[in-house]
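**Student:** Below is one structure. I have some questions about it.
The values are calculated or read from the model by the stated rules, or taken from the named source; none is laboratory data. Since we're looking at a predicted model, the values are computed, not measured. Cβ coordinates were reconstructed from backbone atoms using ideal geometry, including for glycine residues, and neighbour counts include every protein chain displayed. Just so you know, the surface numbers come from the protein's heavy atoms only, side chains and all, with ligands and any DNA or RNA stripped out. Shrake-Rupley method; radii C 1.70, N 1.55, O 1.52, S 1.80 Å.
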Amino acid sequence: MTDSCANFNRRQMLLGLLAAAGTGTAWANTAWPNKAIRMIVPGPAGSGGDIFARMLLPPLQSSLKESLYVENKAGANGIIGNDHVAKAQADGYTLLFSPSSSIAINPIIQPKMPYDAMRDLAPVAQVGAAGVLLVANPATGFKNLADMVQYAKAHPGRLAYGSWGSGSTGHLVMEGIKAHYGLDMPHVPYKGTAVELGDLLANTIGVGFMDIASPIPHVRSGKLRALGASGSARGPALQDVPTLTEQGYTFDADGWYGVFAPAKTDPKIIDRLNADLGQALGSPEMKAKFAEQNMLIPAHKSAAEFSRVVKRDMALWQQLAKVAKLKVD
């Protein structure tokens, strides 16, 4: 073979390799991100998820050098917002900021789901760890879990409780309490925490489970009374409020918020987001902001580690749903 033929073959091989590289993922050809990113929150403005999602926007915008904005899609215990992201284009420009109840519990108790959380959503990063807060209007006179249990036992069917939706964490935890103590307490499901909060403040409903953050100003002002919190530790913003476990009802499971992407999103985008979220959550400033909202920030997990957390919690909540004989129609 002549030198000219050899050089020609080498050039052809090089061109072939370059062409093959050009047919790979969009990541190789297009810098991500190069436009604004939507963060879907499957709850109303002012809800716990909305509060924490908006906290993360400034540091993420700084690290990604691109704008991010929250879009609220409330309803059906998060199913509407989650489904929107599950069916969105997997290009890294539509993300989900969802609570554990919406991800881990809905598939267990909802008879029909428009998406499969483990198949259609890719876990990106865990954000925070905390329980849910049992609150009461001061007019009830309740000061702790025992007071509520005592009244409910003495007045079967008269004390209704609220949660931010059928199948929510608060719904399941209270059903567990009812089963444990043999209580008859009707459930009033709300379409999000904001409406429930308004009824609790107006004493339209006496007690209810809320997310860990949104009731805090009203607890501090005395307009609501915190009776207890689920989870493994007392909330940093309400250190005087004992956990349910401390009060005799063992429930140490922590809830969380998580960032998710459509399932086929480029793994490099997911890893980049995971790293940037880890950096943002690890800052002293962010830890202080989360503590003000009664939320702890656990050790950072990779996307794969967070995926294992999601699977583990699905199994945990499934067991509780069976114990409480809970089914959502």
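**Student:** Name the single residue, out of those in region 289-317 being at pLDDT 95 or above and closer than 23 Å to S62 by Cβ, that is least open to solvent (accessible area, probe 1.4 Å).
**Tutor:** F306
**Student:** Please find, within region 220-248, the residue that is farthest from G128 (Cα to Cα) out of those that are in contact with a Phe, Trp or Tyr (Cβ under 9 Å, 6 or more places away or on another chain) and polar (S, T, N, Q).
**Tutor:** Checked region 220-248; the qualifying residue farthest from G128 (Cα to Cα) is T245.
**Student:** Tell me, which residue of region 173-195 that is among the aliphatic types (A, V, I, L, M), in contact with a Lys or Arg (Cβ under 9 Å, 6 or more places away or on another chain) and at pLDDT 95 or above is most open to solvent (accessible area, probe 1.4 Å)? Give the steps one after another, and end with the answer.
**Tutor:** First pass over region 173-195, keeping only residues among the aliphatic types (A, V, I, L, M): 173-174, 177, 179, 183, 185, 188, 194-195.
Still in the list and also in contact with a Lys or Arg (Cβ under 9 Å, 6 or more places away or on another chain): 179, 183, 185.
Next cut, at pLDDT 95 or above only: 183, 185.
Values: L183: 18, M185: 2 Å².
Out of the qualifying residues, it is L183.
**Student:** Let me ask another. Under the condition of being free of Cβ contacts under 8 Å to residues at least 60 places away in the same chain and part of a helix (DSSP H, G or I), which residue from region 196-217 is surrounded by the most Cβ atoms within 10 Å (Cβ to Cβ)?
**Tutor:** Here the residue is E196.
**Student:** Here is a check on your reading of the model: is L326 modelled with pLDDT under 90, out of contact with any Ser or Thr (no Cβ under 7 Å at 6 or more places or on another chain) and closer than 24 Å to I212 by Cα? Write out each step before concluding.
**Tutor:** On the way: modelled with pLDDT under 90: yes; out of contact with any Ser or Thr (no Cβ under 7 Å at 6 or more places or on another chain): yes; closer than 24 Å to I212 by Cα: yes.
In short, yes.
**Student:** Return the only residue of A237, A233 being open to solvent by less than 50 Å² (accessible area, probe 1.4 Å), closer than 20 Å to L316 by Cβ and not β-branched (V, I, T). Full working, then the answer.
**Tutor:** On the way: A237 fails: closer than 20 Å to L316 by Cβ.
Result: A233 is the single residue among A237, A233 that is open to solvent by less than 50 Å² (accessible area, probe 1.4 Å), closer than 20 Å to L316 by Cβ and not β-branched (V, I, T).
**Student:** Moving on. Is it the case that region 30-40 has a residue that's farther than 30 Å from P215 by Cβ, surrounded by fewer than 22 Cβ atoms within 10 Å (Cβ to Cβ) and either touching a His at 6+ places or on another chain (Cβ under 9 Å) or touching a residue at least 60 places away in the same chain (Cβ under 8 Å) (or both)?
**Tutor:** Taking every residue of region 30-40 in turn, at least one turns out to be farther than 30 Å from P215 by Cβ, surrounded by fewer than 22 Cβ atoms within 10 Å (Cβ to Cβ) and either touching a His at 6+ places or on another chain (Cβ under 9 Å) or touching a residue at least 60 places away in the same chain (Cβ under 8 Å) (or both).
**Student:** Taking the condition open to solvent by less than 50 Å² (accessible area, probe 1.4 Å) and closer than 23 Å to I109 by Cβ, does V149 pass? Working first, answer last.
**Tutor:** Details: open to solvent by less than 50 Å² (accessible area, probe 1.4 Å): yes; closer than 23 Å to I109 by Cβ: no.
Spelling it out, it is not the case that V149 is open to solvent by less than 50 Å² (accessible area, probe 1.4 Å) and closer than 23 Å to I109 by Cβ.
Each row is one residue, and each column tells you yes or no for (1) touching an Asp or Glu at 6+ places or on another chain (Cβ under 8 Å); (2) small (G, A, S).
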| position | (1), (2) |
| --- | --- |
| V241 | no, no |
| Q247 | no, no |
| A253 | yes, yes |
| F260 | no, no |
| D271 | no, no |
| A275 | no, yes |
| S283 | no, yes |
| K287 | no, no |
| E292 | no, no |
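Condition check ((1) in contact with a Gly (Cβ under 9 Å, 6 or more places away or on another chain); (2) closer than 26 Å to I269 by Cβ; (3) not small (G, A, S)) across all residues:
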| position | (1), (2), (3) |
| --- | --- |
| V132 | yes, no, yes |
| A139 | yes, no, no |
| F142 | yes, no, yes |
| Q150 | no, no, yes |
| P156 | no, no, yes |
| W164 | yes, no, yes |
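**Student:** Since L244 meets every condition but one in (1) touching a residue at least 12 places away in the same chain (Cβ under 8 Å); (2) surrounded by fewer than 16 Cβ atoms within 10 Å (Cβ to Cβ), which condition does it not meet?
**Tutor:** (2)
**Student:** On the basis of being within 14 Å of the chain's Cα centre (by Cα) and not polar (S, T, N, Q), does G258 make the cut?
**Tutor:** Details: within 14 Å of the chain's Cα centre (by Cα): yes; not polar (S, T, N, Q): yes.
Against the criterion (within 14 Å of the chain's Cα centre (by Cα) and not polar (S, T, N, Q)), G258 qualifies.
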